[in-house]
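Next up is a structure, given as structure tokens.
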Amino acid sequence: MTDVIQPATIPGVGDLPSDVLIRVDGLVKEFPIKRGVFFKKQIGAVQAVSGISFEIKSGETLGLVGESGSGKSTAARCILRLLEPTAGNVYFQKTQDHGADLPPIVEIAHADKQTMRILREEMQIVFQDPFASLNPRMTVASIVSEPLIVHGVGSAEERLEKVKDLLRVVGLSPEHTNRYPHEFSGGQRQRIGIARALALNPALIVLDEPVSALDVSIQAQVLNLLADLQDELGLTYLFIAHDLSVVRHISDRVAVMYLGKLVEVADRDDMYERPMHPYSHALLSAVPIPDPELELKRKRILLEGDIPSPANPPAACRFHTRCPKFVEGHCDTEEPMLRELEPGHWAACHYPEVQQLF
Amino acid sequence: MRAVDGVSFDMMAGERRGVVGESGSGKSVTAMSIMRLIEPPAGEIVTGTIEFQGQNLLALPEDDMQDVRGGRIAMIFQDPMTSLNPVYTVGDQLIETIMLHQHVSKHDARRIAADALGDVQIPEPMARLDDYPHQFSGGMRQRVMIAMGLSCNPDLLIADEPTTALDVTTQAQIMDLMLKLAEDRGTAVMLITHDLGVVAGFCDTIQVMYAGGIVEYGNATDLFGNPQHPYTWGLLGSMTRLDESHTERLHSVRGAPPSLINPPLGCRFNPRCDFVQDICHDSYPALRESGRESQIAACHLATELDLNTIDVTGVVGS
Amino acid sequence: MTDLLNRPGDGASDDAEGLAVEPITQWDLFIARLRRHRLAMISSIFLFVVIIISFVVGPLLKCDKGATECEFPQLWDHTQGLKDDDDRLLVNIAPRGSIPFGTDELGRDVLTRVVRGGQASLTVGIVTGLLVASLGTVVGALAGYYPGVVDQALMRFTDLILGLPLLPVAIVVGRLLPELTFLPDWMQSGPWGIAFLLGFLLWGSLARIVRAEFLSLREKEFVEAARAAGASDRRIIFRHILPNAMSPIIVQTTLIIGAAIIIEAALSFLGFGVRPPTPTWGGMAASGAGVAVRGFWWELVFSASALVMTVLAVNFIGDGLRDALDPTQTIERK
């Protein structure tokens, strides 16, 4: 019951259970703070992600939630190597052969350029902003076919056919290949982004706030599409969001981040009905529910103050400055490890306690 | 383009009204019109009246309107980063507003400003008056905006997406604060938002807007419990809920909001409506009683449809 | 009870969605957008005519016969003054029938010299523009895409170039050019030397603009998406970033072309530009200004008008190109 996730244990080949697609181990990402007029000197570092570890099983959706500054997007970008991780390992169980001399389990965080290029076929990303994530000077056809071109898949005609198929799959008309992104609505643009992510038949798709820029009625359409695609294609999702209601709808398991650290990881309903970490509890209690009668009865836990700056995080438990259950001399001196308190339910708190939310 | 077309409503003193709609529904334009903040060439108010405490605001000379703005009607905006001027201290900006609307000395204005900051639970208000906006966090800045809005004891506070740019725990703090202040002072609040959850805990009455018009109005409990307009119903069905663990598909509203440059004939919701009939293409439905006393909906079928008995899974939109 | 009323507005239904659309290429759209920009179209035609006249027509039109026997539109030799029957120079003759632009203080035909001067001024403008566009884009792109040492080194060098006082350096180098015997002849005298000189002095501002564009574009999500797809740096730079940075590059380049023409004029005005007797608009404006105070206005007015109209035309074309390259400018699909 008090199993600690050890950071940076390096398993040998075949060490990943067969149902685990990706394991993140002690991931750290620091951004240097530089100053100077001529040749800039590093004067410090912001640790956006401070040693997080988790696994995602094949075919499941892991929801990664947290407020701004929690490091959730940074963590995702490190996993995809869009940012270079400072420390830690990411193990990926490949699902295709790729015709290359790759071991069945590849370590991503230190993989060379060539390996990374191949692995990009396995992992893709959908971005938050449907207006910024599509090149305004490219047609839909060239946007969606870009991954195919980069990886040298098929002839020009074959790629066009594939693009049309993909557009159909995401619910767009295949006749729209020659249009430009600005001719589409936000929801349609997000579908184009999803089509692009699907082009190489990836196993893992990182969804970075994919619906938070969309109107509610359009959000539902895109969420339904994502669920359908997962069913049909057996996709694995890492779903990053700040909207906890959306995360509850789409995730199988949920991980909560605060200031670069994981504070709680649990199955979806466990997390939402019986949160154990005081931060998760406060976060969940802050989410409004569209039901006036329920809202009247609910008790909110209002946290004091704001999230501290990641450049200068509190010592020991990073939540201790705002925690309603803060114990002096313990929470501010000793860091709580992420422990498995119940089967599948992990929390990083010295005084965890099951909370009833409703 | 008609951003808002034939919108009429009353608000009581002290009422907390939620104005809910998606982007382009005309909810912000409505608020800007009340404040007369829309000026040519950006747009103009073509016809209509806005009566506030017996005065037609649209007929007021600009000088008098300036007294109303910030004095009797205050407004706070979505982005607390851009609504404060970065080169003046928070105190300067508060004091300026106060001295504009109240005949007090600079010394008194400073005291009122400090009280206002204290009221929005900013610690050490007297000292923080001398800080610049960048020294405040996003949530704190929105508190400053609320303090500025309420410093002259307005009768109506218009809050346009006041928490959209904030994190959820900060949003909870701000909404809690606004509720307390509005209740204590009896200020009427018009809360404009796309988030049905936020209005549920805050508002007495709600009007739902779509494509430049009001489609449904009612008190909060009735509207959420028994939506009468298919759009409201669809919107509630599209929402993921924190307290519900459903794995099935969401009932989404198909399609996207219409272009206001070229809106659909008849009911503007007809291209997306699950219950559309011939009449919906022919005439624009007026808001009408829907069988419930407090609730009116702009739907031809409002009295015939009983949306609560409809099996959602049967009519799932694509 | 609240009294509410909703009225409909009129308008036709919107059913364009889902119809098959004829493929429209980027080039079609570009041309269609450019066509709509009337000022740019007129300017393009104007500039085209100016270029043809300066580079093709001007050198062709020449009169071998004696000066007095040549009639307009056959143009006079731009180096020789007109003489009357008594072999006296026709100095400062006001515009009239066969000499529509008049003559200058050495009796030379102003029309001939305006036409020939266009060749020098336009060469300076265009060559400088091309040099600046390529140097500025390459330096700015490298600095913006590769932060760190590359960026720092290139930008400090750019600062150095921008720090040079333009006119004094141009005057000194312009004066030294004929002395630099190791340079080929075409560099030493005439417009090419000035063009290269200005090109090397003026690229700094464009480099800064391009760097800023690259810095912001490389953080854009569509660039991240390309990286996530496995695209190479080269592909990202040429396919994703550069096309989106074209507007400022084009606008700045057209401004530089205009500025180069004017700076060349200023240098010639001061006597450090293209060597006489090769005419340039700036040089003519200088000598024209000298005689204009005595009431002989024509040389100044005609050369300066040619200069101003050409610079304006270049700037309008830049405006039109920027709009035409912007895909979000809507074109009605037919």
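The values are calculated or read from the model by the stated rules, or taken from the named source; none is laboratory data. Keep in mind that this is a model prediction, so the values were computed, not measured. Cβ sites come from the backbone with ideal geometry, for glycine too, and all protein chains shown count toward neighbours. Remember, those area values only see protein heavy atoms, side chains included, never the ligands or the DNA or RNA. Shrake-Rupley method; radii C 1.70, N 1.55, O 1.52, S 1.80 Å.
Distance cut-off 27 Å, Cα to Cα: go down the list A:Lys34/A:Lys57; A:Lys72/A:Lys164; A:Lys113/C:Lys220; A:Lys34/A:Lys325 and report the pairs above it. List each step's numbers first, then the result.
Working: A:Lys34/A:Lys57 39 Å; A:Lys72/A:Lys164 33 Å; A:Lys113/C:Lys220 22 Å; A:Lys34/A:Lys325 37 Å.
Violating the 27 Å Cα-Cα cut-off are A:Lys34/A:Lys57; A:Lys72/A:Lys164; A:Lys34/A:Lys325.
Would you mind counting up the charge near C:Gly230? Only other residues with Cβ under 10 Å from its Cβ, with Lys and Arg at +1 and Asp and Glu at -1.
Spelling it out: positives minus negatives among the neighbours equals +3.
Could you tell me whether segment C:110-281 comes out rounded, prolate or oblate from its Cα gyration tensor? Rule is a ≥ b ≥ c as square roots of the eigenvalues, rounded for a/c under 1.5, then prolate if a/b exceeds b/c, otherwise oblate.
Note, shape of segment C:110-281 comes out prolate.
Further question on the same structure: At what distance in nm do the modelled label points of B:Leu60 and C:Arg175 sit from each other, each positioned 7 Å from its Cα along Cα→Cβ?
Taking the two extended label points, one gets 7.0 nm.
Here is a follow-up. Dipole size in debye (nearest 20) for segment C:110-281 around its Cα centre, Lys and Arg Cβ +1, Asp and Glu Cβ -1?
200 debye
Also, I was wondering about something else. Be a star and scan segment A:86-115 for residues whose amide nitrogen sits under 13 Å from the point 7 Å along the Cα-to-Cβ vector of A:Arg35.
none
Now for a separate question. Of C:Ser205, C:Thr128, A:Cys78, which is farthest along the charge dipole of the protein assembly as shown in the positive direction, counting Lys and Arg as +1 and Asp and Glu as -1 at C-beta?
About the Cα centre, the residue reaching furthest to the positive side is C:Thr128.
While we're looking at this one, here's another question. Largest first and to the nearest Å, give the Cα extent of the protein assembly as shown along each principal axis.
Over the protein assembly as shown, Cα extents along the principal axes are 115, 79, 67 Å.
In peptide B:159-171, what is the residue-averaged number of other protein chain Cβ atoms found within 10 Å of each Cβ? Could the numbers behind the result be given before it?
Details: counts 0, 0, 0, 0, 1, 0, 1, 3, 10, 13, 15, 8, 3.
Mean partner-chain Cβ count within 10 Å for B:159-171: 4.
Let me ask something else about it. Name the shape class, rounded, prolate or oblate, that the alpha-carbon gyration tensor gives for segment A:143-242, where a ≥ b ≥ c are the square roots of its eigenvalues, rounded holds for a/c under 1.5, and otherwise prolate holds if a/b is larger than b/c and oblate otherwise. Mind showing how you got there, number by number?
Working: a/c = 1.94, a/b = 1.33, b/c = 1.46.
Oblate is the answer for segment A:143-242, as a/c is 1.5 or above yet b/c matches or exceeds a/b.
Considering the dipole of segment A:199-358 built from charges on the beta carbon (Lys and Arg +1, Asp and Glu -1) around the Cα centre, which of A:Ile218, A:His330, A:Met271 is farthest to its positive end?
Positive-most Cα among the choices belongs to A:His330.
Magnitude of the Cβ-charge dipole of segment C:206-334, K/R +1 and D/E -1, about the Cα centre, nearest 20 debye?
Using Cβ point charges on Lys, Arg, Asp and Glu, segment C:206-334 gives about 300 debye.
Set Lys and Arg Cβ to +1 and Asp and Glu Cβ to -1, take the dipole of segment C:110-281 about its Cα centre, and tell me which of C:Val169, C:Gly271, C:Phe214 lies farthest positive.
C:Gly271
Return the long-range amide H neighbours of B:Arg16 (sequence gap of 5 or more, or a different chain), with a cut-off of under 5 Å between placed amide H atoms.
When sequence neighbours closer than 5 places are left aside, the close amide H contacts are B:Val189, B:Asp204, B:Thr205.
A further question on this structure: Counting only protein heavy atoms, what percent of the accessible surface of chain A is carbon or sulfur at a 1.4 Å probe?
That share works out to 51 percent.
Another question about this same structure. Give the separation of the Cα centroids, segment C:101-117 to segment A:103-156, in Å.
63 Å
A further question follows. Can you work out ³J(HN,Hα) from phi for every residue in segment A:108-122, in order, using Karplus 6.51 cos²θ - 1.76 cosθ + 1.60 and θ = phi - 60°, giving whole Hz and x for Gly and Pro?
7, 4, 10, 5, 7, 4, 5, 4, 4, 4, 5, 5, 4, 5, 8
When only Cα pairs under 8 Å and 6 or more residues apart are kept, what is the percent relative contact order across chain A?
Here the relative contact order equals 20 percent.
Same structure, new question: Over chain A, with a Gaussian network built from C-alpha contacts below 10 Å, which listed residue (A:Ile79, A:Ile192, A:Ile301) shows the highest mean-square fluctuation?
A:Ile301
Same structure again: Say R0 is 25 Å: what FRET efficiency, to the nearest 0.05, do B:Thr303 and B:Asp278 get from their beta-carbon distance?
Taking R0 as 25 Å, the efficiency between B:Thr303 and B:Asp278 is 0.90.
What is the set of long-range amide H partners of B:Gln277 at a cut-off below 5 Å, with H atoms built 1.01 Å from backbone N?
none
Return the ratio Rg/(2.2 N^0.38 Å) for chain B, where Rg is computed over Cα atoms only.
In units of the 2.2 N^0.38 Å rule of thumb, it is 1.07.
Enumerate the amide H contacts of A:Cys349 below 5 Å, restricted to partners 5 or more residues apart or on another chain; note that Pro and chain-start residues carry no placed amide H.
A:Arg339
Based on the alpha-carbon gyration tensor of chain A and its eigenvalue square roots a ≥ b ≥ c, which shape applies: rounded if a/c is under 1.5, prolate if not and a/b is larger than b/c, or oblate?
Cα axes put chain A in the prolate bin.
Which value, in debye to the nearest 20, gives the size of the charge dipole of the protein assembly as shown about its Cα centre, when Lys and Arg are +1 and Asp and Glu are -1 at the Cβ?
Dipole of the protein assembly as shown, to the nearest 20 debye: 3260 debye.
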